[in-house]
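The values are calculated or read from the model by the stated rules, or taken from the named source; none is laboratory data. Note that the coordinates shown come from a computational prediction; the quantities given were computed from them, not determined experimentally. Cβ: placed from backbone, ideal geometry, glycine included. Neighbour counts: every protein chain shown. The area values use the complete protein model at the heavy-atom level, side chains included, leaving out ligands, DNA and RNA. Shrake-Rupley method; radii C 1.70, N 1.55, O 1.52, S 1.80 Å.
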Amino acid sequence: MDTDEGQGGGRRWVAPVIDTAVPVLGFLAGYSWAGLGAGGAAAMGAAAVLVGVRLLRGDGVRVVLTATGMVGLAVAVALLTGEARNFFVLKLVRVGATAAVLGGSVLLGRPVTRFVDRARLSFLPSSWRRAVGRVTGAPHRAHVVVTAAAALVCCARLTVMVPLYLADEVWLLGLADFALGAPVSLAWGWWSIRTLARAKARHGQTHSEAAA
């Protein structure tokens, strides 16, 4: 096990979960305590604390500020509309668009995972990032399966969250956002990277045997 996996790997897995959960929990706590304004302030306060912690740890400024900007947009939409549930509306739109892109790429025969950028997988151990990258040599079928699974994950998330949004169940919506967000995405990432790595290994073995 290299240094990246042994010392930093665990933190890289935990960071996306924390970054997703803390602002949402802050929003829910503030909203329950003193209404929408307090919820927005708590979410931004939580995001600011995360920015400080991540910068002190040496994480990239762009990644940190992007995550904070998304929280700020969510708070702005909720405050401008006067509805707490709209704290989650941009995320629902983003998940819906992602599902459409993933599903469309499968239907067009160009699964998105064939063109994934390793920089977007920076929270993974280095050996797994090397196994993916632009894995153009892996069998096409494995990429179709992995991309289709990602589309199904997005659809499942929408199936749960959209009815909660329409019913204005803010607390349940927030809990569903966390439970079906980063933890599920990380589980999919772990499974998909192992699937693609195995497919790549089998593909290489087949070529070696053919050459022999």
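Structure above, values below:
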| read-out | value |
| --- | --- |
| Two-site FRET efficiency, Leu65 against Thr159, from Cβ-Cβ distance with R₀ of 35 Å, rounded to 0.05 | 0.65 |
| Solvent-accessible area per residue for region 138-188 (1.4 angstrom probe, square angstrom) | 48 Å² |
| Trp190 - accessible surface, heavy atoms, 1.4 Å probe, Å² rounded to 10 | 120 Å² |
